[in-house]
Amino acid sequence: MIALHDVSLPESEPSTAPSSPGGNPAPIGIFDSGLGGLSVLRAIRAQLPGEALLYVADSLHAPYGLRDNAFISARTLAIGEWLVSQGAKALVVACNTATAESIALARGRLSIPIIGVEPGIKPAAGLSKSRIAGVLATQVTLRSERFRSLIERYAADCQFICQPGHGLVEAVERCEIDTIDVRALLARYIDPMLAAGADTLVLGCTHYPFLDAAIREIAAGRLALVDTSVAIARQLERVLEASGLRAPADGQPAQPRLCSTDEGAHMRTLASTLLGLDVPVERVSITASCGTAPGRSHAA
């Protein structure tokens with residue numbers, strides 16, 4: 001059986017906001033280039049069931065993995081500003097690519113605590129017995145300075161086989177998570193890792209946990225998977241506690257509010273199938289200037 005490991009995650013920025021004696025019912029903003037961050041939303045709901053959540057999928061512009069750095073930074077900042085305008089008390093950048101390229105910019109411009117995500121290189125190096133591990137991530141993540149720094153700091157005695165997951169984000173965005181074509185694409189990426197002796201695989205994109213069934217079938221028990229979703233949720237809890245931003249203990253928040261920059265049908269399907277969430281998806285328009293309320297169409 002493949003083990004799915006959560007990892008410690010230092011990507012946070014504490015706030016100096018004063019504590020609210022009655023708790024803070026404002027929502028937590030969660031952002032991803034598309035639907036992959038729903039895996040993070042799932043972990044946050046499990047860890048912090050009393051918190052209101054507001055999720056934005058920038059599916060109109062997904063995937064970010066093939067975009068240039070300026071585009072990724074502009075979108076991250078625009079969506080972060082929009083979430084602040086909606087009252088978000090904290091922001092989770094549930095996207096490895098956006099974290100790698102633009103979280104420093106967001107932290108310099110937004111006044112709320114920000115939690116990011118990065119590939120689990122350190123825990124993978126600790127788990128691997130063969131000292132060979134695979135990494136599936138977007139091209140932007142793999143070429144980023146943040147990723148190179150992780151390899152240098154934690155992987156001196158471990159060989160990492162880095163594979164851009166071309167086509168995987170698009171497959172998840174289409175809700176194709178266990179099809180023949182997706183399994184064939186995954187096998188093309190994973191088989192060489194297994195042949196090289198890898199015993200651990202880092203899921204370096206929040207879309208990829210939704211492909212775990214197909215990965216398990218291909219790996220047949222030979223890989224431990226490293227996912228960061230649970231670690232993100234735990235880090236968020238620590239940051240909210242330290243900043244006095246936890247929701248009231250007796251709060252009963254509504255279902256998560258789901259928003260998408262495209263028509264949202266795939267998002268609603270994935271949320272229903274994998275998270276058991278039967279909620280509408282609002283279509284929102286978010287531009288670099290978000291001083292006005294975004295336009296909304298009918299819910300998907």
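Output the qualifying pairs, or none if there are none: Cβ atoms under 6 angstrom, residues six or more apart or on different chains, first residue in region 169-195 and among the β-branched types (Val, Ile, Thr) and at pLDDT below 95, second residue surrounded by 13 or more Cβ atoms within 10 Å (Cβ to Cβ) and part of a helix (DSSP H, G or I).
Val172/Phe210; Ile177/Phe210; Ile177/Leu211
Any idea which of (1) under 18 Å from Gly36 (Cα atoms); (2) surrounded by fewer than 18 Cβ atoms within 10 Å (Cβ to Cβ); (3) touching a residue at least 24 places away in the same chain (Cβ under 8 Å) is the one Leu91 doesn't satisfy?
(2)
Inside region 280-300, can you point out the residues that are at pLDDT 90 or above and crowded, with 17+ Cβ neighbours inside 10 Å?
Val281, Glu282, Arg283, Val284, Ile286
Please specify each residue of region 140-152 satisfying the condition of being at pLDDT 90 or above and under 16 Å from the mean Cα position of the chain (by Cα).
Leu142, Phe147
With respect to Glu51, is the statement that it is at pLDDT below 95, acidic (Asp, Glu) and closer than 15 Å to Val239 by Cβ true? Spell out how you get there, then give the answer.
Details: at pLDDT below 95: no; acidic (Asp, Glu): yes; closer than 15 Å to Val239 by Cβ: yes.
Taking the combined requirement at face value, the residue does not satisfy it.
Among the residues in region 153-165, are any under 17 Å from Ile215 (Cβ atoms), crowded, with 22+ Cβ neighbours inside 10 Å, modelled with pLDDT under 95 and not assigned by TED's automatic domain parsing to the domain that holds Thr97?
Scanning region 153-165 turns up no residue that is under 17 Å from Ile215 (Cβ atoms), crowded, with 22+ Cβ neighbours inside 10 Å, modelled with pLDDT under 95 and not assigned by TED's automatic domain parsing to the domain that holds Thr97.
Look through Gln255, Gln235 and report the one residue that is under 15 Å from the mean Cα position of the chain (by Cα) and either free of Cβ contacts under 8 Å to residues at least 60 places away in the same chain or assigned by TED's automatic domain parsing to the domain that holds Gly65 (or both).
Answer to the selection: Gln235.
Filter region 103-119 for residues that are buried (at least 23 other Cβ atoms within 10 Å of the Cβ) and without any contact (Cβ under 8 Å) to a residue 40 or more places away in the chain and give the result.
Ala106
Return the only residue of Asp227, Asp199, Asp191 being surrounded by fewer than 17 Cβ atoms within 10 Å (Cβ to Cβ) and either touching a helix residue (DSSP H, G or I) at 6+ places or on another chain (Cβ under 9 Å) or of a type in the set (Gly, Ala, Ser) (or both).
Sole residue among the options that is surrounded by fewer than 17 Cβ atoms within 10 Å (Cβ to Cβ) and either touching a helix residue (DSSP H, G or I) at 6+ places or on another chain (Cβ under 9 Å) or of a type in the set (Gly, Ala, Ser) (or both): Asp191.
Can you pull out the residues in region 139-172 that are touching a Ser or Thr at 6+ places or on another chain (Cβ under 9 Å) and of a type in the set (D, E, K, R)?
Scanning region 139-172 gives a single hit, Arg146.
Do we find that Arg143 is without any contact (Cβ under 8 Å) to a residue 24 or more places away in the chain and either of a type outside the set (D, E, K, R) or assigned by TED's automatic domain parsing to the domain that holds Asp191 (or both) in this structure?
yes
The values are calculated or read from the model by the stated rules, or taken from the named source; none is laboratory data. Computed from a predicted model, the values in this text were never measured in an experiment. Cβ: placed from backbone, ideal geometry, glycine included. Neighbour counts: every protein chain shown.
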